[in-house]
């Protein structure tokens, strides 16, 4: 295959990334956001792996011939991006682990993992705080006025 | 002793490996003061190493030290490369981390349950490890790995504030998602650069990009540039990609806010220096590509918008967080000028802002320690009750304003000079001045509450914060005043860093 279709891995990688990005932005469920983040990162892995491939290349390993001599039988795919992406996979697993740990804690303290419900609870907390401070302010005012009255 | 252990020749790698191994060992340091003492020892040792490293760099004839890990030649292995710029940033990050660790003891005792102290300090030291690693390395992929080490630990540190306010959890998760998307963009950008150049070493990348016949019209290079710009913008909290920052700094434990505001975003900016100046080069980033327009518009908008937002805040930590985004705007606007004074002002402000904002968040943390909150209402009259803490806050605030004899004045002097030298960039100078007025406004609100109003309720009964909090706070604030009066050292280093970034003599 040639042309734009011939590099279909790259189309798939972009597609995967965009699905992931959409999920991260549009889904209110935190678990779904974590899954989408994983998908987003998986797209990048595919990109790195595709980058290493060359036409007719095979895995870069030593071949042992019958007489015991070792030699390379080229051409080989570039192993460097593969190694890099192994590291990136570990990183992505760690990110997912931290994200899930946070989501468990959020579920424990908020009782939900829906982002919009959490946001509403935070807003309610803020309003309650504000009203409390208004009440305290009013009490202070009253106190000061009474004191002034007393002195007068 | 230094010779016996071959410390000097291995300094660049020790800066990373000592906190890496030390951080993991922190978990085994028991439940009492052990973890804190161990973390202090490790960060102190690393600070000492960075001082030695600075001396080495200043003495080096080439102007930099190159260290090949495991003696692998830099084409294949990882090269650590330290020049005036990253030696200075290393010194800043390690120094502020050390002082913040000293400060952390009391604050953490109050804000985090005892049984988690060993984990807290383990993650703390590992975060410092990641930040120093990003700064010392000369390998693009190594940057990504260390970036993720620092980010993951920072997410955990922020979430540790959950016992004070549950919003720490959502703040951390939001930062995790945005931060990971940003880091993924950086990873992808590095991938595209690898595709074009076939190397991961920053210097080699630069040479091969420069050798490309038509880099400006090479789509792969352009995509890499765009991806890196967005990813770095997210990591250094460049307006409007800063949305994760205010909430994270507000709800993180106080010591963590002080550490992050002083180091994390600064290292993000250092990465931008490396990618834009060292890898792509000034000619590509700022002449062929309009990075200076994009960056300075975003930075100036950030200075103004977050300045106005900061004035409207009532929570001190949130006010300081918004102010941080604005101050980062100064740093970005400075290097976007791409002339010697602009870049030098940017480098010097990385240091100056680190000590000022570190000290300010420590002051807010000291108020948290005594009162359990730090809103404008609860600090009424504190000028009399906690004189040292509030005086530190005022001195730091004057630094943010850029008042003469504070470090902030020196940075702004360089920035304004750079803005007036660059063609058509005078609006940046105007924005710097308007930003300073906004800083006056939000600092004044604190001064007014603390000194011109009577204390009420429990605020009338508090006493000064313990010495172990006040002393580190004043070390940083004192540094900001000292380097405002005598800026020879910081000025010379940042001029040297700026010249080498812009491609002149190192």
Can you tell me the orientation of helix B:340-371 relative to chain B, as the angle in degrees between its alpha-carbon axis and the longest Cα principal axis, to the nearest 10? 30
Under 12 Å from the 7 Å Cα→Cβ point of residue A:93, by amide nitrogen: which residues of segment A:18-58? none
Once you keep just the Cα pairs under 8 angstrom separated by 6 or more residues, what percentage relative contact order results for segment B:172-329? 26
Using the alpha-carbon centroid of each, what span in Å lies between segment B:292-330 and segment B:40-59? 32
Sticking to Cα atoms, compute the Rg of segment B:388-464 to one decimal and its Dmax as the biggest Cα-Cα distance, whole number, in Å. 16.6, 57
Expressed as a whole-number percentage, the relative contact order of segment B:356-506 with C-alpha contacts under 8 angstrom and at least six residues apart is 38
Any idea what the alpha-carbon Rg over 2.2 N^0.38 Å comes to for segment B:173-214? 1.49
Assuming a viscosity of 1.567 mPa s and a temperature of 4 °C, what translational diffusion coefficient in µm² per second does Stokes-Einstein assign to segment B:112-253, Rh being the Kirkwood radius over Cα pairs? 79
Which peptide among A:23-30, A:39-46 comes first, and what is the full order, when sorted by highest mean count of other Cβ atoms within 10 Å? A:39-46, A:23-30
Could you give the alpha-carbon Rg of segment B:308-363 over 2.2 N^0.38 Å, rounded to two decimals? 1.24
Averaged over B:171-181, number of beta-carbon atoms from partner chains that fall within 10 Å: 6
Debye intensity ratio in log₁₀ form over the Cα atoms of segment B:225-298, taken at each q of 0.25, 0.27 Å⁻¹: -1.13, -1.25
What's the Kirkwood radius of chain B in Å, using all Cα pairs? 22.6
For segment B:1-104, what Kirkwood radius comes out of the mean inverse Cα-Cα distance, in Å? 14.7
Rounded to the nearest 10, the angle in degrees between the Cα long axis of helix B:117-136 and the longest principal axis of the Cα atoms of chain B comes to 30
For chain B, what relative contact order do you get, as a whole percent, if you take Cα pairs closer than 8 Å and at least 6 residues apart? 15
Taking the Cα-to-Cβ direction at residue B:116 and at residue A:139 and moving 7 Å from each Cα, how far apart do the two end points lie in nm? 3.1
Roughly what % of Cα-Cα distances in segment B:390-433 sit above 15 Å, to the whole percent? 45
Per residue, what volume in Å³ does the Cα convex hull of segment B:342-404 take up? 88
quick shape note, the protein assembly as shown: Cα extents on principal axes in Å, largest first -> 110, 56, 55
Residues A:143, B:456, sorted so that the one with the fewest Cβ neighbours within 10 Å comes first: A:143, B:456
What percentages, rounded to whole numbers, describe P(r) for segment B:290-506 computed over all alpha carbon pairs with 5 Å bin width beginning at zero? 1, 8, 16, 19, 18, 14, 10, 7, 4, 2, 1, 0, 0
Place the peptides B:215-225, B:194-204 in order of packing, highest mean first, counting for every residue the other Cβ atoms within 10 Å and averaging per peptide. B:194-204, B:215-225
Alpha-carbon Rg/Rh ratio, for segment B:35-157, with Rh computed the Kirkwood way: 1.03
Against the rule of thumb 2.2 N^0.38 Å, how large the Cα Rg of segment A:3-112 comes out: 1.50
Quick one: helix B:140-159 against the long Cα principal axis of chain B, what's the angle to the nearest 10°, folded into 0 to 90? 10
Round to the nearest 0.05 the FRET efficiency obtained for residue A:10 and residue B:17 when R0 = 45 Å and r is the Cβ-Cβ distance. 0.75
Output the peptides B:331-342, B:16-27 sorted from most to least packed, where packing is the average of other Cβ atoms within 10 Å over each peptide's residues. B:331-342, B:16-27
Euclidean distance of C-alpha centroids, segment B:200-232 and segment B:393-466, integer Å: 39
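The numbers here are math on the coordinates, done by the rules we state, and not lab data. These numbers come from a predicted model, not from an experiment. Heads up, the Cβs are rebuilt from the backbone with ideal geometry, glycines too, and the neighbour counts pull from every protein chain shown.
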